[in-house]
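First up is the structure itself, then whatever we jot down about it.
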Amino acid sequence: MPIVTSVTKMLGIRVPVIQGGMQWVGVPALAAAVSEAGGLGILTALTQPSPDALRVAIRETRKLTSKPFGVNITLLPSINPPDYPGYARAAVEEGVRIFETAGNNPGPLIKYFKENGCIVIHKCTTIRHAKSAEKHGVDVLSIDGFECAGHPGEEDVGGLVLLARAARELKIPYVASGGIADARGVAAALALGASGVNMGTRFMCTVESPIHQNIKDKIVASTERDTVHVFRTLHNTSRVFKNKVSMEVVAIEKRGNAKFEDVKDLVSGARGKGVYEFGDPDYGVWTVGIAMGLIEDVPTCKELVERLERETVEIIGGLGGLVGGAERAKL
């Protein structure tokens, strides 16, 4: 029995599961595999060195799947910002019609996408920001709880409360993001009013994910206790894997009055990319969520999405047995 939500209908997908737009991870092989499996694969624009390279990646993805996929554009604080308008234009000109946006001041990008008939999914960590994005005309909100990998915002609110508030206060569909890696998380998100889920860490640990097998094995072997927050004192909090490098960053911040210059060599993007390329989990700082504690294998995307679909339906069906005290299933 299919799971039909406003998001599956809007995006033209079978299963309400969206692959997070992850730096160095959202490449054609992974995005196409997720879309082929019935979810929504996402290419990460800034993984590509230029808008023209993004064009090539989009064409490569199209060779691998005829199903819908999207492009993530994350607006990052930077002295020399990337060519965001160029990436957006390249993707639209290549026929992409689904975009995931994140970061500060997305208004101009959202306006451009909507003028070109695109669907926009915007990621937020607060209801306040979600309402602002709603006013900008986005189609779907991705509500990112404190459990997530990467940037959870500065207010430390978990997904359980954020999603319940979203159900009360938002007028457009939303998906749950952060801390979801199995069917129980999907079923819980749907019960909390979400129309689907966004999963990043879980898709890192799939056969088609481009990261080194050593890192996939490290995720499987780790628990929800193996992450740490860096940049807390810089008001740009990020959840990353707890390793030698990230703990050195934390130690520098604890000394007080730390500046980005004090840690920039430790947290460089090149070192983070190197973790995925070389397979050394201590090579640099790398992003991962506490959903890591729920990951026990490295399936193909097809196996994972089909498992999520099947088990979510079973869990939702079993919940009906709780009404009136006639429990039919072990939940």
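The values are calculated or read from the model by the stated rules, or taken from the named source; none is laboratory data. Quantities reported herein were computed from a predicted structural model and do not represent experimental measurements. For neighbour counting, all protein chains shown are included, and Cβ atoms are generated from backbone atoms with ideal geometry for every residue, glycine included. The area values use the complete protein model at the heavy-atom level, side chains included, leaving out ligands, DNA and RNA. Shrake-Rupley method; radii C 1.70, N 1.55, O 1.52, S 1.80 Å.
Over the Cα atoms of region 248-301, the radius of gyration divided by the Kirkwood radius equals 1.09; this is the Rg/Rh ratio.
Projecting the Cα atoms of 43, 164, 240 onto the charge dipole of the chain, computed from C-beta unit charges around the Cα centre, puts 164 farthest toward the positive end.
Taking 95, 39, 317 as the candidate residues, the one with maximal mean-square fluctuation in a Gaussian network model of the chain, Cα springs under 10 Å, is 317.
Measure off, as a whole percent, the carbon and sulfur share of the 1.4 Å-probe accessible area of region 97-252, all protein chains present. Here carbon and sulfur together make up 52 percent of the probe-accessible area. Computed from point charges on the beta carbon alone (+1 for Lys and Arg, -1 for Asp and Glu), the dipole magnitude for the chain about its Cα centre is near 640 Debye. Choose one of 113, 53, 143: the residue whose Cα lies farthest towards the positive end of the charge dipole of the chain (beta-carbon charges +1 Lys, Arg; -1 Asp, Glu; about the Cα centre). It is 113.
Sparsely packed loop sites in region 228-331 (the trypsin sites (Lys or Arg not before Pro) outside DSSP H, G, I, E and B with at most 12 other Cβ atoms within 10 Å) comprise 255, 259, 264, 328, 330.
With the Kirkwood sum run over all distinct C-alpha pairs, region 151-259 has a hydrodynamic radius of 16.0 Å. The residues of region 70-160 expose, per residue, 43 Å² of accessible area to a 1.4 Å probe. Charge dipole of region 256-331 (Cα centre as origin; +1 on each Lys and Arg Cβ, -1 on each Asp and Glu Cβ, all else neutral): 220 debye, rounded to the nearest 20.
Extension gain, residue 251-residue 277: 0.36 nm per intervening residue step, less the Cα-Cα distance, totals 6.7 nm. Taking region 69-220 as the region of interest, what is the percent of Cα-Cα pairs per 5 angstrom bin, listed from the shortest bin to the one with the maximum distance? Values per bin, smallest distances first: 2, 9, 18, 19, 20, 17, 11, 4, 1. For residue 227, the residues whose amide H sits under 5 Å from its own are 242, ignoring neighbours fewer than 5 places away on the same chain, with H placed 1.01 Å from N.
Measuring spread by the Cα atoms of region 26-137 yields a radius of gyration and Dmax of 13.6, 40 Å. Computed from the alpha carbon atoms alone, the convex hull of the chain holds 132 Å³ per residue.
For residue 174, the residues 5 or more places off, or on other chains, whose built amide H falls under 5 Å of its own are 141, 195.
Taking label points 7 Å from Cα along the Cα-to-Cβ direction, residue 63 and residue 50 give a separation of 2.0 nm. Think of the chain as having a plus end and a minus end, set by charges on the Cβ of Lys, Arg, Asp and Glu; of 278, 252, 31, 31 sits farthest toward the positive end of this dipole. Relative to the Cα centre, the charge distribution of region 71-159, modelled as +1 at Lys and Arg Cβ and -1 at Asp and Glu Cβ, gives a dipole magnitude of about 320 debye. From its DSSP helices (H runs of at least four residues, each -39,500 (n - 2.57)), the chain gives a residue-normalised ellipticity at 222 nm of -12000 deg cm²/dmol.
Bridges between two residues of the chain, per DSSP, are antiparallel at a rate of about 20%.
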